[in-house]
Amino acid sequence: MGKFWILMVVVVVGVVGIEGARKSPTGRIHTLFSVECQNYFDWQTVGLMNSYRKAKQPGPITRLLSCTDEEKKKYKGMHLAPTFEVPSMSRHPRTGDWYPAINKPAGVVHWLKHSKDAKNVDWVVILDADMIIRGPILPWGLGAEKGRPVAAYYGYLIGCDNILAQLHTKHPELCDKVGGLLAFHIDDLRVFAPLWLSKTEEVREDRAHWTTNITGDIYGKGWISEMYGYSFGAAEVGLRHKINDNLMIYPGYVPREGIEPILLHYGLPFSVGNWSFNKLAHHDDGIVYECNSLFPEPPYPKEVRQLELDHNRRRGLFLSIECINIINEGLLLQHAANGCPKPVWSKYLSFLKSKAYAELTQPKYVTPATLQMMEDIKEEHVDDGAGKPHPKIHTLFSTECTTYFDWQTVGLMHSFHRSGQPGNITRLLSCSDEELQKYKGHDLAPTHYVPSMSRHPLTGDWYPAINKPAAVLHWLNHVNTDAEFIVILDADMILRGPITPWEFKAARGHPVSTPYDYLIGCDNELAKLHTSHPEACDKVGGVIIMHIDDLRKFAMLWLHKTEEVRADRDHYARNITGDIYESGWISEMYGYSFGAAELKLKHTINDEILIYPGYVPQPGVKYRVFHYGLQFSVGNWSFDKADWRNVDMVNKCWAKFPDPPDSSTLGQANKEDLQRDLLSIECAKTLNEALNLHHKRKCSGNNSLTSEGEERKEESGVSRVSNLDANDDSTNNHTMTDESESVQKDEMPSSFRFWMIFLWAFSGVGFLVVIFVVYSGHRRRGTRPKQGRRRRNLHSGFMEMNGRDRHSRGDVPL
């Protein structure tokens, strides 16, 4: 009898505990995610559901499952998550257009109209299937209010700033570049959701405006129409988002200092050392239903600590392994729930059951820095006082219609989207009409086309470098920009982090640049000949951060002074210019310095922004840019960009540069040499990663279409979002026993009793345990059963290259 009453106490305590955990004092939460009847979405569902439980996300979660009747007959995964079935709109019933991404807004609309749950909720969190939750997502805790939803930043949605928004919403000024994580009040969602769907249809049908330079979609195929449907629909009903660039991070990106992201979005390929993962490679993978099959195991934490010395970069690597480990753990639990036999022991399975793993994957909670909204960030340095929001930035780089610049473009664009660089980026592409007709690389970057001045129209002089100032001037004269500061880079650069005017103290009248000490002409007769203010000549170049007002005054002088110095053949000598070729090739650099001197622009010269691979870095400096304009080497391996001038690395499938040595082979004795070589290896690997991702999109046959769809949410920026500078760390400690049982039940009422007993068993309330053991006379089962986790053919699916992209895509199957 005593045993019975003790059990009843335990049950009551369990019920109270569970209800308290799931009900919020500030409102009822419901989490939604949208999928289709495919194996591809099933393993993503397993990963997301495992993370939902581990992160202790409050409230119920519902999978919006879009299937045709024929698909549903064959579908095996109804048990994988609490599910609300939605009619499929992959093939549009009216237009016949094949666009699976439309199922997301269509599913939300259907849920709002037909689900009883939608009538019993205050807040709705909307996620994508390819996400891992790291900690509780509480809308009010993130700052959401009625009329002000919270969302992640998708900076590549450039259509908010151009004709696309003007065509598709009456309020283009309200268009927010957001997506990914969405936290809505239910009243706002009811008003907004139908417009999300209708605007998606509208943008999808607007084929005339699918081009990359209008949408930011690198495929130019309308794959991100749903994302614009979201932004335009919200603008139409007057919703202004609180935009947060810290809450969500892509594995492979580097978190910002002090930021604790609570959501991982693995829509892009990512790598750790020689291990890599790309969700697109598992499009048809039935891994959920193949007993004892896992994704290739990533490096262990101990190995990761040896791979990277920089604290934040190491945090980024830990995020990557956390992501795949949580998916694999979910697969183990699901296999057990499916009735699979106990897997054979392995080191990896032991790790996933270990206390160390449990500690690494405890729920994470947002820090004050993580909660900082983009609109709340204050200017650190402006010339007319503090307290202003950060100014808008636009990044430019100049290229020509050659494959030589194309592979450089691929590298720079890849790094831009990883780096966390704010704002948009534009390639200034200088081509003759004849070159343009044959050119194949239009989709490599958002592009502004510029008439070529390689052959000067007046003098006939062949000098392609003049295209840089000519292109900047053309862009200023033909593009309306609201950017306050312009960052100008060269194509042969790799971004490692953001370059912002507030960090590097740029201001009107005071641009920032990097030192080019070899410009000795600033100190001799060359400056006296070509500027009326030789004392104002700064030896700078490479990276430029300049206020738009200064650039508008300066650009014409930059071009004219370049022409002037180029025509001064009498002063090409090395002892005057510092040009080792004595052929006037650096005339454009002098054109820049002399033009700036004419306006008495005084540069802040910063030697901690840019480094040439092969140079020894200053201790403790976190360089933001690699400039691989010079040959560099590591041991017997070397790289010189000039060797690849006539090699088509972009249009030849799977072309790549020779792999640099593995960092583990480097000598440790000389710390300066080690840091130098690590940076050189990083630069070369980044170029190869960029090429690999490019080839995956272009050379995978039918998979290229899949990648377009899959990546519809990641494939344009992020968006950087943000990312060599993003945010993050690790997650929770439920036992695998608890998890495996709940996989099958997914928090449904029928599993409550089981959960209550488990929560009691792990509560650590010592005296209750002792009394229960005394009265029961036997040991409790189920407290920690060994849900055999299958082994796994590890390392069998490694990708050849370290993939990592930066855009934002969705999941659009073929």
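The values are calculated or read from the model by the stated rules, or taken from the named source; none is laboratory data. Everything numeric here is computed off the predicted structure, so don't read it as measured data. So basically every Cβ, Gly included, is an ideal-geometry build from the backbone, and we count neighbours across all protein chains shown. Surface areas here come from the heavy atoms of the whole protein model, side chains and all, with no ligands, DNA or RNA. Shrake-Rupley method; radii C 1.70, N 1.55, O 1.52, S 1.80 Å.
For the range 9-30, state whether one or more residues are at pLDDT 50 or above, touching a Cys at 6+ places or on another chain (Cβ under 9 Å) and open to solvent by less than 50 Å² (accessible area, probe 1.4 Å). No; the residues of the range 9-30 include none that is at pLDDT 50 or above, touching a Cys at 6+ places or on another chain (Cβ under 9 Å) and open to solvent by less than 50 Å² (accessible area, probe 1.4 Å). Restricting attention to the range 234-282, the residues that are among the aliphatic types (A, V, I, L, M), in contact with a strand residue (DSSP E or B) (Cβ under 8 Å, 6 or more places away or on another chain) and either in a loop (DSSP other than H, G, I, E, B) or within 24 Å of residue 306 (Cβ to Cβ) (or both) add up to 8.
Note on the range 78-154: enclosed strands (runs of 3 or more DSSP E) holding 3 or more residues that are among the aliphatic types (A, V, I, L, M) are 123-128, 131-133, 150-153.
Does residue 313 meet the test of being touching a residue at least 40 places away in the same chain (Cβ under 8 Å), open to solvent by 30 Å² or more (accessible area, probe 1.4 Å), in a helix (DSSP H, G or I) and basic (Lys, Arg)? The answer is yes for residue 313. Is it the case that the range 427-439 has a residue that's of a type in the set (S, T, N, Q) and free of Cβ contacts under 8 Å to residues at least 40 places away in the same chain? Yes, the range 427-439 has at least one match. Regarding the range 87-100, can at least one residue be identified that is without any contact (Cβ under 8 Å) to a residue 60 or more places away in the chain and surrounded by 21 or more Cβ atoms within 10 Å (Cβ to Cβ)? There is at least one residue in the range 87-100 that is without any contact (Cβ under 8 Å) to a residue 60 or more places away in the chain and surrounded by 21 or more Cβ atoms within 10 Å (Cβ to Cβ). Annotation: residue 246 fulfils all but one of (1) open to solvent by 10 Å² or more (accessible area, probe 1.4 Å); (2) at pLDDT 90 or above; (3) more than 30 Å from residue 622 (Cβ to Cβ); the unmet one is (3).
Being open to solvent by 30 Å² or more (accessible area, probe 1.4 Å) and either on the phi > 0 side of the Ramachandran plot or in contact with a His (Cβ under 7 Å, 6 or more places away or on another chain) (or both), is that true of even one residue in the range 282-293?
Checked against the condition, which is being open to solvent by 30 Å² or more (accessible area, probe 1.4 Å) and either on the phi > 0 side of the Ramachandran plot or in contact with a His (Cβ under 7 Å, 6 or more places away or on another chain) (or both), the range 282-293 yields at least one hit.
Of all residues in the range 161-171, which are open to solvent by 10 Å² or more (accessible area, probe 1.4 Å) and either within 25 Å of the chain's Cα centre (by Cα) or free of Cβ contacts under 8 Å to residues at least 60 places away in the same chain (or both)? Result: 161, 162, 163, 166, 167. Evaluate the following for residue 498: is it under 25 Å from residue 415 (Cβ atoms) and open to solvent by less than 10 Å² (accessible area, probe 1.4 Å)? Against the criterion (under 25 Å from residue 415 (Cβ atoms) and open to solvent by less than 10 Å² (accessible area, probe 1.4 Å)), residue 498 does not qualify.
Of all the numbered requirements in (1) open to solvent by 50 Å² or more (accessible area, probe 1.4 Å); (2) within 26 Å of residue 405 (Cα to Cα), residue 671 misses one, and that requirement is (2).
Taking (1) at pLDDT 95 or above; (2) surrounded by fewer than 22 Cβ atoms within 10 Å (Cβ to Cβ); (3) within 30 Å of residue 638 (Cβ to Cβ); (4) more than 34 Å from the chain's Cα centre (by Cα) in turn, residue 608 satisfies each apart from (4).
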